[in-house]
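Read through the structure below, which is laid out as structure tokens, and then see the notes.
The values are calculated or read from the model by the stated rules, or taken from the named source; none is laboratory data. Remember, it's a predicted structure, so these values are computed and weren't measured experimentally. Neighbour counts run over all protein chains shown; Cβ positions are idealised from the backbone, glycine included. Note: areas computed on protein heavy atoms with side chains; ligands, DNA, RNA excluded. Shrake-Rupley method; radii C 1.70, N 1.55, O 1.52, S 1.80 Å.
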Amino acid sequence: MRILLTNDDGIYAEGLCALYRCLSLDHEVIVVAPEAERSAVGHAITLSVPLRVRMVRRGREFRGYAVNGTPADCVKLAFYELVGPVDMVISGINRGANVGINVLYSGTVSAATEATILGMPALAVSLDAYRQESYCFAAYFVSVLVDQVFHWSLPFPFCLNVNIPHLPPQQIKGIKFTRQGTNRLRERFEKRLDPHGNVYYWQCGEEFMEEDPETDVVALKQGYISITPLHHDLTHSEILTRLESIKISY
Ligand code: MN
């Protein structure tokens, strides 16, 4: 297969490299990724400055297109200019989970949903780790998914959000198909002073308040690999049905 590989941690990120190593054994893998980290930019695209592309080399591992844009920019530019349509787009492996409400902020996930908007199936892959990450098992698991997912007869083009616990493989409890958690996060801002005496804020210490066992948040916390099918239709169908009987006089 022809696979487009991207991420939001930047083209030099370890998670992308691990995935390239694993997937390029059996597939043609083309890398188009942000030249630097663009985590938590959501589905942002770049309109006010030009997009510039450089071919870069990551050691002896691979050559890829580094773009001064967002993950969604990378997928669009790859599709329209650099690469053309591919059999699958894979975004990751992200450093840190992308579950619950964080799916909305995630550049990793938005690269994958951008792919499905353009008609290509996609996987967003994240590892639930921020320290001493080891991407080996996660990369291997993605290569297994890539080989099997097309046999599942999913509506096309599908987008799967895959989150992998950072545990030794034998301690991972299994795989759960989940829904996205929707509960709010408990967040905190640290208020500090800069050297000039001006107040500034730094967001920190987010905490999930999710208990529904059918969600990605809880499955991952319990030690399961979580797979959530996503779509980019934000319509609230139930409210739309109710609105259809409303008459607005003006
Ligand atoms: Mn990231």
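Do we find that VAL32 is buried (at least 17 other Cβ atoms within 10 Å of the Cβ) and either in a strand (DSSP E or B) or more than 14 Å from the ligand (Cβ to nearest atom) (or both) in this structure? Steps first, answer last, please.
Details: buried (at least 17 other Cβ atoms within 10 Å of the Cβ): yes; either in a strand (DSSP E or B) or more than 14 Å from the ligand (Cβ to nearest atom) (or both): yes.
Against the criterion (buried (at least 17 other Cβ atoms within 10 Å of the Cβ) and either in a strand (DSSP E or B) or more than 14 Å from the ligand (Cβ to nearest atom) (or both)), VAL32 qualifies.
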Exercise. Is it true that some residue in the stretch 169-177 is basic (Lys, Arg), more than 17 Å from PHE79 (Cα to Cα), open to solvent by 10 Å² or more (accessible area, probe 1.4 Å) and within 16 Å of the ligand (Cβ to nearest atom)?
Worked result: no
Seminar exercise, completed: When every residue in the stretch 1-20 that is within 13 Å of the ligand (Cβ to nearest atom) and charged (D, E, K, R) is compared, the one surrounded by the most Cβ atoms within 10 Å (Cβ to Cβ) is ASP8
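Looking at the stretch 212-232 only, could you name the residues that are in contact (Cβ under 8 Å) with a residue 24 or more places away in the chain and of a type outside the set (A, V, I, L, M, F, W, C)? Break it down stepwise before answering.
Applying the first criterion (in contact (Cβ under 8 Å) with a residue 24 or more places away in the chain) to the stretch 212-232 yields 212, 214-220, 222-232.
Selection gives ASP212, GLU214, THR215, ASP216, GLN222, GLY223, TYR224, SER226, THR228, PRO229, HIS231, HIS232.
Tell me, please, whether a residue that is in contact with a Phe, Trp or Tyr (Cβ under 6 Å, 6 or more places away or on another chain) and under 27 Å from ARG131 (Cα atoms) can be found in the stretch 37-54. Write out each step before concluding.
Kept after step one, since they are in contact with a Phe, Trp or Tyr (Cβ under 6 Å, 6 or more places away or on another chain), are these residues of the stretch 37-54: 40, 42, 53.
Narrowing further to those that are under 27 Å from ARG131 (Cα atoms): 40, 42.
Yes - at least one qualifying residue is present in the stretch 37-54.
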